[in-house]
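The structure appears below as structure tokens.
Only the coordinates and a few stated rules stand behind these numbers; no lab work does. This structure is a prediction, so every number in the text was calculated from the model and none was measured. Methodologically, a virtual Cβ is constructed for each residue, glycine included, from the backbone with ideal geometry; neighbour enumeration extends over all protein chains shown.
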Amino acid sequence: MAVCSLGIFFGFLTALGTLTSLVVCNEESELISDLFKRYNKNIRPAVHPEDKVQVMIKLTLTNLISL
């Protein structure tokens, strides 16, 4: 009896997690489409033509051998 109810509980948690991830994915897609709705990649992100655009890049090294 306890094993059966435990299986039902974990099945419910799995279904809930799947539904939650679908909702988050959908909200993320909506946010990205809303943020980039009027984005034009051909326009420089500067107020004046002589302004410099500072770009920062960060790198992270990952050890994949442990996988």
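Computed quantities for the displayed model
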{"item": "Sorted peptide list for 39-50, 54-65, criterion being average Cβ within 10 angstrom, highest first", "result": "39-50, 54-65"}
{"item": "Cα gyration tensor, the stretch 24-67 - rounded (a/c under 1.5), prolate or oblate", "result": "oblate"}
